[in-house]
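Scroll down for the structure; my scribbles are underneath it.
The values are calculated or read from the model by the stated rules, or taken from the named source; none is laboratory data. Only a predicted model underlies this, so the values are computations on that prediction, with no experimental measurement involved. Neighbour counts run over all protein chains shown; Cβ positions are idealised from the backbone, glycine included. The accessibility values were calculated without ligands, DNA or RNA, using every heavy atom of the protein model including side chains. Shrake-Rupley method; radii C 1.70, N 1.55, O 1.52, S 1.80 Å.
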Amino acid sequence: MSEIRFVMVGGFLGAGKTTTIARLAGVYQQRGLRVGIVTNDQADDLVDTLLLRELGFDVGEVAGACFCCNFDELTETVAQLSRQQQPDVVIAEPVGSCTDLAATVIQPLLHFCQGQFDIAPFGVILKPSHGEKILSGRRKAGFSPKAEYIFRKQLEEADFIAINRIDELSHERLQRLSEFVDEHFPRLPLVKMSARHGTGFDALVEMFDQRGDFGRKLLDLDYDVYAEGEAELGWLNCSLEASSSEPFELDRLLVGIVESLKQSLSSVSAETAHLKTIGLWEGYHGVANLVSSDSPAELSLASDCTTRKAHVVVNARVAIAPEQLERLATESIAEVCRQLGVDHSLRRTQSLRPSRPQPTHRMDRSANDRGSH
């Protein structure tokens, strides 16, 4: 059996990993390759999984823990995709608050699944809004130093960094951000691109196409700081059914939820890492999101759907207590639905703080298994 090309796309919450993966998978399909995708989250009801499936991709999901802490489920999910679809390429999207992925995912794949995977360079997507704040050394970047520690460590272990959303940056801002990256991570290859519009995307594909000995940057990582940084983020996944006797605009509902929750979070000075919502109905789907507290709520994918019913999923990752996040989210959903004359019923709501990372395997610098932390 030939090796599966394993492409892992890292990056902090809201960096644009899902949009990048969707475009990258499309490129591979145009080459005649079969593509499988594996998404990852701390809970069920993941917007990314729903969106990628709506776009027609074969997607497996590892939920309930990050790849590193659920390594066996990752390999089983890939095996299941292999049995069903026989992919030439598997693209993996890890949880956006995780790091140490070279030691806990890539190297264990090479060690325990010998001959099964051809590892691509590990690319980490950089979100400009938080990248500018954190790498510039501003005192108030929105997150605590422990959360910023995770952000920096993600970039440190990359084989290359890709600045995303360059279509939203002036030439001066892009140049300044590039200089920050060069200052903190000298000699690391840097790609500048827009996953949404495709600008510079050929350079990203060329980076992932490289062959070599990748994913070997094993971090000196303080797991206490890492765990505390992750635990500062409140995690919310919820789903609801929306209905009305009169047709309503699905996109207006999605943007309204994001905008209302943004305002509620701003009122309590809670920094948003990522907030996204997807609405689906009979072949239509739309996505609205917010990538940082000082960014606008945006309709990133229009459904152009007017309907009387819709299934809606909301995912939020915010520096706030999960109980407070859940309360603000349900209040925002209720208020927007009331304004639009839409009835709603919550189907499932999960709010949590990520637990301490406990990797299934962690390889040391001599590539020997040190077991769990």
Failed condition for Arg138, given (1) over 23 Å from Asp44 (Cα atoms); (2) open to solvent by 10 Å² or more (accessible area, probe 1.4 Å); (3) assigned to a strand (DSSP E or B), with all others met?
(3)
So Leu328 ticks every box in (1) over 20 Å from Leu254 (Cα atoms); (2) outside any loop (DSSP other than H, G, I, E, B); (3) touching a Ser or Thr at 6+ places or on another chain (Cβ under 6 Å) but one. Which box is left unticked?
(1)
Does segment 63-110 hold any residues that are of a type in the set (Asp, Glu) and more than 22 Å from Arg23 (Cα to Cα), and which are they?
Asp72, Glu73, Glu76, Asp100
Taking Gly32, is it part of a loop (DSSP other than H, G, I, E, B), free of Cβ contacts under 8 Å to residues at least 40 places away in the same chain and open to solvent by 10 Å² or more (accessible area, probe 1.4 Å)?
yes
Enumerate the pairs (first residue in segment 93-112 and closer than 13 Å to Leu74 by Cα and touching a residue at least 60 places away in the same chain (Cβ under 8 Å); second residue anywhere and basic (Lys, Arg) and open to solvent by 10 Å² or more (accessible area, probe 1.4 Å)) with beta-carbon separation below 6 Å, excluding pairs fewer than 6 apart on the same chain, so at least 6 apart or on different chains.
Glu93/Lys17; Thr104/Arg362
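Every residue, every condition in (1) open to solvent by 70 Å² or more (accessible area, probe 1.4 Å); (2) at pLDDT below 95; (3) closer than 23 Å to Arg5 by Cα, yes or no:
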residue: Asp159; (1), (2), (3): no, no, yes
residue: Ser170; (1), (2), (3): no, no, no
residue: Arg173; (1), (2), (3): yes, no, no
residue: Ser194; (1), (2), (3): no, no, no
residue: Ala203; (1), (2), (3): no, no, yes
residue: Glu206; (1), (2), (3): yes, no, yes
residue: Arg211; (1), (2), (3): yes, no, yes
residue: Gly215; (1), (2), (3): no, no, yes
residue: Leu219; (1), (2), (3): no, no, no
Please specify each residue of segment 44-81 satisfying the condition of being within 26 Å of Arg347 (Cα to Cα) and among the aromatic types (Phe, Trp, Tyr).
Phe57
Every residue from segment 35-55 that is open to solvent by 30 Å² or more (accessible area, probe 1.4 Å), aliphatic (A, V, I, L, M) and more than 27 Å from Arg353 (Cα to Cα):
Leu55
So which strands (runs of 3 or more DSSP E) are wholly in segment 240-323 and hold at least 2 residues that are open to solvent by 40 Å² or more (accessible area, probe 1.4 Å)?
298-301, 306-318
Go through segment 324-341 and give me each residue that's in contact with a strand residue (DSSP E or B) (Cβ under 8 Å, 6 or more places away or on another chain) and open to solvent by 10 Å² or more (accessible area, probe 1.4 Å).
Gln324, Glu326, Thr330, Ala334, Leu340, Gly341
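Condition (residue is among the small types (Gly, Ala, Ser), within 27 Å of Ile166 (Cβ to Cβ) and touching a helix residue (DSSP H, G or I) at 6+ places or on another chain (Cβ under 9 Å)) applied to segment 224-238: is it met by at least one residue?
There is no residue in segment 224-238 that is among the small types (Gly, Ala, Ser), within 27 Å of Ile166 (Cβ to Cβ) and touching a helix residue (DSSP H, G or I) at 6+ places or on another chain (Cβ under 9 Å).
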Would you mind telling me which numbered condition in (1) open to solvent by 40 Å² or more (accessible area, probe 1.4 Å); (2) touching a residue at least 60 places away in the same chain (Cβ under 8 Å) Val27 fails?
(1)
Could you please give the count of residues in segment 56-115 that are open to solvent by 40 Å² or more (accessible area, probe 1.4 Å) and over 18 Å from Asp44 (Cβ atoms)?
13
Scan segment 175-211 residue by residue and report those that are part of a helix (DSSP H, G or I) and touching a residue at least 24 places away in the same chain (Cβ under 8 Å).
Arg176, Leu177, Phe180, Val181, Glu183, His184, Phe201, Leu204, Val205, Met207, Phe208, Asp209
Before we move on, is Asp369 open to solvent by 40 Å² or more (accessible area, probe 1.4 Å), modelled with pLDDT under 95 and of a type in the set (Asp, Glu)?
yes
Filtered residue count, segment 221-230, keeping only those that are open to solvent by 40 Å² or more (accessible area, probe 1.4 Å) and in contact (Cβ under 8 Å) with a residue 40 or more places away in the chain:
2
What single numbered condition from (1) within 17 Å of the chain's Cα centre (by Cα); (2) assigned to a strand (DSSP E or B) fails to hold for Val105?
(2)
Members of segment 270-321 that are among the hydrophobic types (A, V, I, L, M, F, W, C) and closer than 16 Å to Leu340 by Cβ
Trp281, Ala288, Ala297, Leu299, Cys305, Ala310, Val312, Val314
